[in-house]
Amino acid sequence: MGDENKKELMKQIRDEVLNLTTSPLYEYRKENHYFPVIGEGSHNAKIMFIGEAPGLNEAKTGRPFCGSAGKILDELLENAGIKREDIYIGNILKDRPQQNRDPLPDEVKIYGPFLDRQINIIQPKVIATLGRYSMDYIMRKFGLESELLPIGQMHGKVFDAKAKYGDVKIAVLYHPAVAIYNNKTKDTLKEDFLILKNFI
Ligand code: URA
C-alpha cells in the first residue's frame, strides 16, 4: 500500500472518530474540549505500540503518551535504541475515560475496530502491547486467547501470529505507567524492551 493511500485511510479513521457520537465518551470529550487521540508515528513502522487509552495530557493535546507515562516510554525506547519517529504509537480507546478509569467492554467494542484498521494500514512486523488491556485485546484478536495468563507471567514474551497481511509477532510488555513510582518495575520494563532490538 502506498504512502498516500495509508495517509488517506488514517484520515478517514480520524474523521470517523471525531464524529463518533455513538461513543459513551463522546460527550465527555466535547464538554471538556478534549481531543481524540488517534495515534502517532510512521505509517511504515515495523513496530506498533498499543496502549490503553489517552490520559489527561493526551486528551488535551491529541497526542499519545505525552504525559508522565510517555516520559517513561521515551526513556525505555531510548534505552533499547528505538527512535520514536520510526515506530507507531496508538491506543485501544481513542477517547479519555473519565478520571482515567479502566476501559469498559462496550468501549473496547466501539473503538477496537479502529485499531484493527490501523494495524492493517501500518502492517507492522511486531505489535508491542503496553499493559493488560492491550495484551488481552491483541492476543484475542489474533486467536491466542488460550495462551493468556496474568500479565506478570506474560511480560517479556513474544508470540507468533498471523495477520491478514502476513506474519506478525506480538511482544507483551507492562504498561510504562506502572514504573512511575516503582524503580524495580522500571528495570523489568527496560529489560523487556530489549527484546524489541531484534526487530529493528
Ligand atoms: N496511557 C496510555 O495507555 N495511553 C496513552 O496515550 C497515555 C497513557
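If you go through region 123-157, how many residues are under 13 Å from A171 (Cβ atoms) and either without any contact (Cβ under 8 Å) to a residue 60 or more places away in the chain or more than 16 Å from the ligand (Cβ to nearest atom) (or both)?
Qualifying residue count for the region: 12.
V168 - would you say it is assigned to a strand (DSSP E or B) and either farther than 19 Å from K83 by Cα or at pLDDT below 95 (or both)?
Considered against the rule, which asks whether it is assigned to a strand (DSSP E or B) and either farther than 19 Å from K83 by Cα or at pLDDT below 95 (or both), V168 comes out as yes.
Can you tell me which residue is nearest to the chain's Cα centre (by Cα) among those in region 152-200 that are buried (at least 17 other Cβ atoms within 10 Å of the Cβ) and among the charged types (D, E, K, R)?
Among residues in region 152-200 that are buried (at least 17 other Cβ atoms within 10 Å of the Cβ) and among the charged types (D, E, K, R), the one nearest to the chain's Cα centre (by Cα) is K169.
Being acidic (D, E), within 11 Å of the ligand (Cβ to nearest atom), without any contact (Cβ under 8 Å) to a residue 60 or more places away in the chain and over 26 Å from D167 (Cβ atoms) is true for just one of E27, E58, E31. Which residue is that?
E58
Report whether or not G131 is at positive phi, modelled with pLDDT of 95 or more and in contact with an Asp or Glu (Cβ under 7 Å, 6 or more places away or on another chain).
yes
Taking region 97-114 on its own, how many of its residues are within 12 Å of the ligand (Cβ to nearest atom) and surrounded by 16 or more Cβ atoms within 10 Å (Cβ to Cβ)?
Count: 2.
Against the conditions (1) out of contact with any Phe, Trp or Tyr (no Cβ under 6 Å at 6 or more places or on another chain); (2) assigned to a loop (DSSP other than H, G, I, E, B); (3) within 16 Å of the ligand (Cβ to nearest atom), where does K94 fall short? Just the number, please.
It is condition (1) that K94 fails.
Please give the number of the condition G81 fails out of (1) surrounded by 20 or more Cβ atoms within 10 Å (Cβ to Cβ); (2) at positive phi; (3) more than 16 Å from the ligand (Cβ to nearest atom).
With respect to (1) surrounded by 20 or more Cβ atoms within 10 Å (Cβ to Cβ); (2) at positive phi; (3) more than 16 Å from the ligand (Cβ to nearest atom), G81 is out only on (1).
Mind listing whichever residues of region 43-61 are open to solvent by 10 Å² or more (accessible area, probe 1.4 Å) and more than 16 Å from Q98 (Cα to Cα)?
H43, N44, K46, T61
The values are calculated or read from the model by the stated rules, or taken from the named source; none is laboratory data. Nothing here was measured: the structure is a model prediction, and the numbers come from that model. Cβ atoms come from the backbone with ideal geometry, glycine included; neighbour counts cover every protein chain shown. With ligands, DNA and RNA removed, areas are computed over all heavy atoms of the protein, side chains included. Shrake-Rupley method; radii C 1.70, N 1.55, O 1.52, S 1.80 Å.
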